[in-house]
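Inspection log for the structure reproduced underneath, given as structure tokens.
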Amino acid sequence: MMLAPEIETRPWAEQLAVDDASYRTQLSYLFDRSAFYRDRLTAAGFSSDRQAGGLADIAELPLTDKHEIRATCTPDNPIGAHLCVTPSEIVRIYSTSGTTGTPSYIPLTASDLDNWVTGSARSYAASGIAAGERIVTTYNAGPFVAGAALAAFERLSLGHIPVGTGNTERLMRAIELLEPEAAVLTPSYAAYLVEWAAERELDLRGSSVERVLVAGEPGGGEPAFRAGLEEGWGARVTEAMGIGDIGPSLWGECEEQDGMHLGARGFVHAELIEPGKGAALGIEDGTTGELVLTHLRHRAAPLLRFRTRDHVQVRTTRCPCGRTSPRLRCIGRTDDMLIVRGVNVFPSAIREVVSEFAPRVSGHIVVKPQAPGPKQDPPLPVNVELAPSAAAEPALADAIRDRLREVLVVQTRVELVPWGSVQRSDYKSKLVER
Ligand SMILES: [Zn+2]
């Protein structure tokens, strides 16, 4: 189902014209209300929004890194100097878990929250789910922005069954008794449940679930990994992606399964940059780079050219579904990227190549970098878990090693490890172990 066909099928050039007007208004708002951006833009030589220009000139403006915002937090202003509104205008404050332990706060006005729900609803609708169907979700409506996406399911007139995180028995009982047509999970949890059901001789393929919507980490769009999930669930798998600081479920894949459309079009502008130097790359078919996002109509604490640290590939060819936005596939987190003799390697890409060797392997891997930081000397150690009945044949390890070199141009040392020895996750997988 398409939630807003007049918007979602609008020619992309027309969308950019609409976005240019929103962007100019947003820049004027930032100069007016955001101490953080007023200072930064002035320091970069732009003393007014007129000088900063329009969307065509956005690459001239400085990028925003998460820690720069965080550095402006004070006891008086724990949100940061990018806060643009008074406390009375804020209707909700989310937080990110924060890898360093200190949370970042994400405030929203009523219109910000409404736009988040609208964008998420379009992204989830792209999966093909229809009004009146039931959907079981495994996200908690807790402090994290994923909770805001839950309101999207009411917007789509779905029968929403929230079961929350980390309760597999409750989830499987809900599927068995309430017979939802769709389930929302992380790809790791979806994979875990395939094994969980197999161990108990439960017929997951025979369940009511026809669509599995995955989000929260890269992997759901990788062909071999996706094929495994579709086989295990007997269901169509599509993925969605959000970025905590910008919005939940900004992107959602349609039934063509060829990358995620920008459901948050009109609210968010996307760019690609080179991960290292930060040079702007065009949004052209096949281009890969780090995703950079700019709020276009945000009020509480808007971000400009925010580095998401997600490494993505863009598709701009016409999609048969009729949606005109560019599509994305997430390759991995820039933070997880390893550099082996000058070649960028993502752990999720290694897992994807290894998954081609199913059913002899389980699909679980662990990359074990030997040096601190991203730079590694070859060979890169990779533990590959075998399928339950498979033997650790040296020829298999050699074949995986050769295939990794062929596809990813990386020299590895593949160790085959027994079934069950790689830690499973009912949330997000850890593919790297230091
Ligand atoms: Zn499509």
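Read the figures in this text as sums done on the coordinates, not as results from a lab. Everything numeric in this text was worked out from a predicted model, so none of it was measured. Every residue, glycine among them, receives a Cβ derived from its backbone with ideal geometry; neighbour counts consider all protein chains shown.
Of the listed requirements (1) more than 16 Å from the ligand (Cβ to nearest atom); (2) surrounded by 23 or more Cβ atoms within 10 Å (Cβ to Cβ), Ala358 misses just one: (2). Scanning the stretch 315-333 for residues that are within 9 Å of the ligand (Cβ to nearest atom) and in a strand (DSSP E or B) yields one hit, Arg327. Within the stretch 166-180, the set of residues being more than 22 Å from the chain's Cα centre (by Cα), surrounded by fewer than 20 Cβ atoms within 10 Å (Cβ to Cβ), not in a helix (DSSP H, G or I) and not polar (S, T, N, Q) comprises just one member, Glu179. Name, by its number, the condition in (1) in contact (Cβ under 8 Å) with a residue 12 or more places away in the chain; (2) more than 16 Å from Ile129 (Cβ to Cβ) that does not hold for Glu201. Only one criterion in (1) in contact (Cβ under 8 Å) with a residue 12 or more places away in the chain; (2) more than 16 Å from Ile129 (Cβ to Cβ) is unmet by Glu201, namely (1).
For the stretch 334-354, name all the residues that are in a strand (DSSP E or B) and touching a Leu at 6+ places or on another chain (Cβ under 6 Å). Across the stretch 334-354, the qualifying residues are Val340, Val345. When restricted to residues that are part of a strand (DSSP E or B), surrounded by 23 or more Cβ atoms within 10 Å (Cβ to Cβ) and within 16 Å of the ligand (Cβ to nearest atom), the stretch 220-265 contains 14.
Only one of the numbered conditions (1) touching a residue at least 60 places away in the same chain (Cβ under 8 Å); (2) under 18 Å from Tyr37 (Cα atoms) is violated by Glu89, and that is (2). The residues listed here are Ser95, Ser104, Ser47; of these, the one that is farther than 16 Å from Phe306 by Cβ, touching a residue at least 24 places away in the same chain (Cβ under 8 Å), surrounded by 12 or more Cβ atoms within 10 Å (Cβ to Cβ) and small (Gly, Ala, Ser) is Ser95. The lone criterion from (1) crowded, with 17+ Cβ neighbours inside 10 Å; (2) farther than 29 Å from Phe144 by Cα left unmet by Ala198 is number (1). Across the stretch 391-419, the qualifying residues are those that are in contact with a Pro (Cβ under 8 Å, 6 or more places away or on another chain) and assigned to a loop (DSSP other than H, G, I, E, B), and the one among them that is surrounded by the most Cβ atoms within 10 Å (Cβ to Cβ) is Val410. Screening the stretch 355-385 for residues that are small (Gly, Ala, Ser) and in a loop (DSSP other than H, G, I, E, B) and picking the one that is farthest from the chain's Cα centre (by Cα) gives Ala371. Flag not set for Gly142, criterion: within 16 Å of the ligand (Cβ to nearest atom) and assigned to a loop (DSSP other than H, G, I, E, B).
For the stretch 137-165, the candidate set comprises residues that are more than 15 Å from Ser249 (Cβ to Cβ) and more than 20 Å from the chain's Cα centre (by Cα); within that set, the residue that is surrounded by the fewest Cβ atoms within 10 Å (Cβ to Cβ) is Ser157. Scanning the stretch 73-129 for residues that are more than 16 Å from the ligand (Cβ to nearest atom) and farther than 15 Å from Leu150 by Cβ yields a count of 38.
Starting from residues that are crowded, with 23+ Cβ neighbours inside 10 Å and not aliphatic (A, V, I, L, M), keep the ones in the stretch 290-301 and report whichever is farthest from the ligand (Cβ to nearest atom). Give the steps one after another, and end with the answer.
Let us first name the residues in the stretch 290-301 that are crowded, with 23+ Cβ neighbours inside 10 Å, namely 291-296, 298, 300-301.
With not aliphatic (A, V, I, L, M) added as a condition, the list becomes 294-295, 298.
Working: Thr294: 23, His295: 24, His298: 26 Å.
In this case the residue turns out to be His298.
Among residues of the stretch 308-326 that are over 24 Å from Val345 (Cα atoms), those with a beta-carbon under 9 Å from a residue that is aliphatic (A, V, I, L, M) and within 9 Å of the ligand (Cβ to nearest atom) at least six positions away or on a different chain give the pairs Cys321/Ala126; Arg323/Ala126.
In the stretch 393-417, the residues that are within 21 Å of Asp377 (Cβ to Cβ) and in contact (Cβ under 8 Å) with a residue 60 or more places away in the chain reach residues that are of a type in the set (D, E, K, R) and buried (at least 18 other Cβ atoms within 10 Å of the Cβ) with C-beta atoms within less than 7 angstrom, at least six apart or across chains, in these pairs: Thr412/Arg401. Exactly one residue among Gly286, Gly276 is at negative phi, in a loop (DSSP other than H, G, I, E, B) and either among the aliphatic types (A, V, I, L, M) or out of contact with any Leu (no Cβ under 9 Å at 6 or more places or on another chain) (or both), and that residue is Gly276.
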